[in-house]
1. Of all residues in the range 256-271, which are closer than 19 Å to Ile228 by Cα and either in contact (Cβ under 8 Å) with a residue 40 or more places away in the chain or of a type outside the set (Lys, Arg) (or both)?
2. Can you find a residue that is at pLDDT 90 or above, under 18 Å from Pro550 (Cβ atoms) and of a type in the set (Lys, Arg) anywhere in the range 450-469?
3. Given the condition in contact (Cβ under 8 Å) with a residue 24 or more places away in the chain, part of a loop (DSSP other than H, G, I, E, B) and of a type in the set (S, T, N, Q), answer yes or no: does some residue in the range 374-381 qualify?
4. Considering only residues that are open to solvent by 30 Å² or more (accessible area, probe 1.4 Å) and assigned to a helix (DSSP H, G or I), which ones fall in the range 461-481?
5. If I filter the range 318-370 down to residues being of a type in the set (D, E, K, R) and not in a loop (DSSP other than H, G, I, E, B), which single residue comes out as surrounded by the fewest Cβ atoms within 10 Å (Cβ to Cβ)?
6. Which residues, taken from the range 269-285, are at pLDDT 90 or above and assigned to a helix (DSSP H, G or I)?
7. Restrict the check to the range 599-606 and report whether at least one residue is modelled with pLDDT under 75, open to solvent by less than 20 Å² (accessible area, probe 1.4 Å) and in a helix (DSSP H, G or I).
8. Identify the residue in the range 123-141 that is among the polar types (S, T, N, Q) and open to solvent by less than 10 Å² (accessible area, probe 1.4 Å) and, among all such residues, is modelled with the highest pLDDT.
Amino acid sequence: MFDVDLNAATRPRYEAVSYSWRKDVLRGNLNDDASKLFPDRFPMYGKEDGMNNPKLILCNGKTLHIQRNLYDFLVRLRAKRRGLPLWIDAICIDQDETNAEARKEKFRQLGLMGRIYGSAETVLVWLGESTNITSMPSFPKSLREIEEAKIEYESFRSEYDISKVRKKGAAFAILPQLAGTTIESLTRLLNRDYFQRAWVVQELVLARELVFFVGDMEIPPGQLLNAIQLISACGLMHTSATDPALVGGGGFRAMPHILQAQRDRLDGRPWPFDDFLFLCRDRLASRPEDKIFSLLGLIDTDTDGMRIDDAVTEDGVSLYILYINVTKFLADKYGWSYILSLAAVGAAENGGLPSWVPDFRTPLYPKPFWFYGCTHFKAADTIPGGFSIEEGSELHSADSFSRGMDVSASYIDEIVQVGESHAELHPEQCKYADGHFLDLLSKLGKKYSHTDELTIDVVMKTLTADVFGRDNKVPATKLRRAFMVWLETTISNLQFERAKTKPADKKFHLTTSGKNAALIHDCGTINGTQVNLRETVEAFLSVHDSDVFPIRKQLKNHPRDVGIIGAELVRSEEEERNLLTQFAAYASVEKFWKHVEQQIGGVWWAIDQIHQHRRLFRTRQRNFVGLAPRDVRIGDIVCLVAGTATPFVFRRRDRDVDAAEGLLRDGRKSHVSLVGSAYLHGVMQGELVRSGDVEFVDVLVL
């Protein structure tokens with residue numbers, strides 16, 4: 001080991017290693033098979049912690065314990081004789097967390113990580129051994145074939161923008177040509193821990209050159225990029241009914257953007273900090289402060305405004321100060337409306353942080369409406385709004401203090417009923433569902449009084465956040481037919497699955513049940529009541545069946561006369577003739593993937609994206625319908641916030657306020673916590689503001 005000066009006139013030549021401290025351990029073939037069906041209960045890999053079963057090496061004549069995963073790579077690398085010295089964090093940075101001086105030096109070194117990786121000749125990326133790559137002999141050839149398909153990169157700012165999303169023709173064309181073992185090998189590779197970690201982002205983005213290693217095989221970054229885009233475009237990673245985005249792919253989906261950011265940086269087009277922070281929100285870090293520290297090397301602009309040093313003490317890092325200072329820094333650049341859109345499920349009940357501060361420790365679910373292209377909202381953006389932070393605001397107890405934020409808000413109504421979340425209506429889970437969302441729709445009535453539309457039309461727009469109304473490219477008649485397909489299929493699934501044997505029985509013992517099921521299926525608990533599915537469906541049909549929406553007839557004909565998913569997007573008779581039904585899609589591999597592709601950007605696809613981690617709700621007095629984060633509760637209130645594009649759901653923190661009082665408390669500020677942004681039909685285009693039916697008052701968000 002030797003020291004180098006990064007400021008020297010002659011730049012030192014070395015290579016840096018990027019790897020996961022945890023080792024992926026395949027749990028056996030039986031678990032591997034089970035993970036394909038039930039990934040939430042049977043993860044593909046076990047994770048061996050970094051210093052669990054460490055290996056001993058000799059460094060400068062002294063023994064040193066290192067992680068087993070790193071040891072495996074060093075053994076592989078020694079055989080390759082690359083020649084240049086290596087920089088490895090576990091060896092070059094003192095990892096002694098018990099020593100105050102070592103912690104101080106470690107923090108100083110963390111500030112240099114960007115320069116260290118950016119100055120290296122090559123960054124060597126270790127993805128682990130190749131023991132479970134079943135198609136290893138033909139794997140390199142398959143990667144070259146995928147690279148030749150030239151799957152086009154799509155920016156993360158538009159890949160889920162429903163009005164811009166493109167069909168993935170190149171990906172679907174190459175897929176049928178690949179052997180099943182190749183697809184299986186790719187999914188196993190991309191499920192590995194490396195693709196989930198936060199620190200690897202700057203290590204990859206700052207690299208001047210990258211080489212990926214799996215076992216003794218070297219993979220060029222272009223080949224890996226195309227393989228990832230193939231798997232991502234086709235939705236091939238196993239997902240979970242409990243939390244689809246967290247299981248099997250939450251991290252790897254960001255890799256095309258990370259590798260694109262690396263190329264853009266080399267071309268002199270560095271990405272802004274908020275892009276990286278948004279991309280890395282769903283990634284994992286051993287310490288919560290690393291969700292910020294792991295990205296600092298990527299910032300080219302002055303970061304004094306973040307006041308990072310304020311959060312660092314001799315005893316460690318104050319997460320509270322760190323996250324608040326980063327939030328203020330982002331708000332100064334992008335505005336508080338953007339900040340409030342970053343609230344994730346659980347924000348209102350997070351005792352460790354104010355609810356208005358994005359909790360970077362947790363994945364960003366649900367994703368903001370603007371992520372899906374819903375940029376046409378203007379609920380209260382014409383009202384001048386001020387956001388100010390009150391230091392040390394008292395929170396109704398002698399020993400509880402929080403930094404509150406003053407906002408100007410107008411009370412709309414209180415939530416009185418919610419419908420099932422996206423997970424509760426998932427085909428694997430709907431056997432538990434009672435049909436609360438159908439009961440909710442019945443209570444809205446046939447016509448939606450606020451806009452004089454059919455309620456079924458309103459619900460379609462709500463579940464898709466009216467994204468198709470942004471440019472009105474798809475005719476209303478086609479949107480209705482498409483929504484009918486989703487609605488009749490969902491009701492049929494509820495009726496069919498509800499009649500089946502419950503997972504508690506032995507026949508279904510592998511299906512998500514018990515604790516996991518209780519976590520998913522809380523709609524009845526939230527509403528404080530249960531409903532009878534048969535009676536609920538009949539009541540729904542008696543209210544909403546009509547010539548425009550002949551739901552009863554369609555349910556009788558289902559599945560014989562099921563509509564074609566994606567038909568609303570075709571623009572010619574020839575395209576319509578080439579569409580495939582769900583049943584025809586299973587005739588061949590080619591037809592199956594063609595059927596998958598035709599759904600992209602349609603109504604069903606939009607509901608799957610936007611309803612994810614959200615649920616419908618109905619309000620008490622004015623009978624509005626809306627869409628909010630899945631942890632919304634009865635009694636939460638919907639408000640307009642001056643200067644923002646969407647309404648927001650808040651949870652009251654006042655003990656002495658009556659529900660009917662809204663936000664007024666005898667002249668005192670109401671205290672609330674932020675639940676998240678909401679879609680509220682009949683409000684999103686500023687209708688309430690224009691009507692004058694608003695009263696903005698100061699509210700303290702804790």
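The values are calculated or read from the model by the stated rules, or taken from the named source; none is laboratory data. Just so it is clear, the model here is predicted, and its values are computed rather than measured. For neighbour counting, all protein chains shown are included, and Cβ atoms are generated from backbone atoms with ideal geometry for every residue, glycine included. Side chains included, ligands, DNA and RNA excluded: accessible areas come from the protein's heavy atoms. Shrake-Rupley method; radii C 1.70, N 1.55, O 1.52, S 1.80 Å.
1. Taking the range 256-271 and keeping what is closer than 19 Å to Ile228 by Cα, we get 256-264.
Residues satisfying the conditions are Pro256, His257, Ile258, Leu259, Gln260, Ala261, Gln262, Asp264.
2. no
3. So in the range 374-381, the residues in contact (Cβ under 8 Å) with a residue 24 or more places away in the chain come out as 374-381.
If we keep only those that are part of a loop (DSSP other than H, G, I, E, B) too, we end up with 374-381.
Restricting the remaining residues to those that are of a type in the set (S, T, N, Q) gives 375.
Scanning the range 374-381 turns up at least one residue that is in contact (Cβ under 8 Å) with a residue 24 or more places away in the chain, part of a loop (DSSP other than H, G, I, E, B) and of a type in the set (S, T, N, Q).
4. As a first pass, look at the range 461-481 and keep what is open to solvent by 30 Å² or more (accessible area, probe 1.4 Å): 461, 466, 470-473, 475-478, 480-481.
Correct list: Lys461, Ala476, Thr477, Lys478, Arg480, Arg481.
5. The initial filter retains those residues of the range 318-370 that are of a type in the set (D, E, K, R), namely 328, 332-333, 349, 359, 361, 367.
Filter once more, keeping what is not in a loop (DSSP other than H, G, I, E, B): 328, 332-333, 349.
Numbers: Lys328: 18, Asp332: 10, Lys333: 13, Glu349: 12.
Here the residue is Asp332.
6. Result: no residue meets the conditions.
7. Here is the first cut: in the range 599-606, the residues modelled with pLDDT under 75 are none.
Scanning the range 599-606, I find no residue that is modelled with pLDDT under 75, open to solvent by less than 20 Å² (accessible area, probe 1.4 Å) and in a helix (DSSP H, G or I), so the answer is no.
8. Start the filter on the range 123-141 by keeping residues that are among the polar types (S, T, N, Q), which leaves 130-132, 134-135, 138.
Remaining after also requiring open to solvent by less than 10 Å² (accessible area, probe 1.4 Å): 132, 135.
On the way: Asn132: 71, Ser135: 61.
Here the residue is Asn132.
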